[in-house]
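Visitor: The structure follows.
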Amino acid sequence: MRPITRFLRFFFRHFYHEFAWTYDFVAAFVSIGRWNDWIDCALPFVEGKRVLEIGHGPGHLQEHLRMHRSSVIVGLDESSQMGRLARGRLVKAGYWDINLARAMAQSLPFQEGAFDVVASTFPAEYIFEARTMDEVRRVLGEGGRFVVVPAAWIGGRKMLDRTAAWLFRVTNQSPESPPAVMSERLRVAFEQAGFTPEFETVEVRSSNVLIVVARPYSLQVLDEV
């Protein structure tokens, strides 16, 4: 593995905590300004009055959810640094109904059926762990859905696009597999966890964003009955 690759992977592993203050800059840099647009791709699929975001990061989706609907919006992250950034962002935007929790996704501190939607954008591998999936199933109410934006692919022929695509590959932020292949792999993971997944690909400024909308088997059966 080349030194630059080792360095970039190390940085992306740690900047979520010690280097959290650099998160927005780095995300905007490697995506050539597309990062927030990619996050916003989740909004049309977040339907419901009670929303939980897992891995809220610096709070972009938290802010955007409040801008687009009047709901009970809760954010969860295990990083205290990201919690401070998200809270500061929401206060600066004039929001005081701030519900942020510091906890692990594998042990959600919420009651059974507490939410209509659980959302997560560009999460790490923990989101697909069996314990996380079980917890998401537990806190979803009847008719609920699990919305995940797992990856984006940068296309285009411009040098900036090619550079950004390379950065995403070497830091594992974008999988090497095309969307169709990755969707099939994720389908297996969701189905094994008891979800029925559906996949959407949204085009955003010479890039493609993959969106997964999954519903627990039991909830789907209840709706059909």
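Every number here is computed from the coordinates shown, using simple stated rules; none is lab data. The shown structure was predicted, so the numbers you read here are calculated from the model rather than taken from an experiment. So basically every Cβ, Gly included, is an ideal-geometry build from the backbone, and we count neighbours across all protein chains shown.
Visitor: Just to confirm a number: summing +1 for Lys and Arg and -1 for Asp and Glu over residues other than Ser107 whose beta-carbon lies under 9 angstrom from that of Ser107, what do you get?
Guide: 0
Visitor: For Glu53, Glu125, Glu198, Glu63, what's the fewest-to-most ordering of other Cβ within 10 Å of each Cβ?
Guide: Glu125, Glu198, Glu63, Glu53
Visitor: Summing +1 for each Lys or Arg and -1 for each Asp or Glu, what net charge is found among the other residues whose Cβ lies under 15 Å from the Cβ of Phe128?
Guide: Value of the local net charge: -2.
Visitor: Mind sorting Asp97, Asp116 by how few other Cβ atoms lie within 10 Å of their own Cβ, fewest first?
Guide: Asp97, Asp116
Visitor: Around Ala189, under 11 Å between beta carbons, what's the net of Lys plus Arg minus Asp minus Glu among the other residues?
Guide: -2
Visitor: Could you give the length gained on full extension between Asn208 and Arg131, defined as 0.36 nm per residue of separation minus the Cα-Cα distance, in nm?
Guide: 24.8 nm
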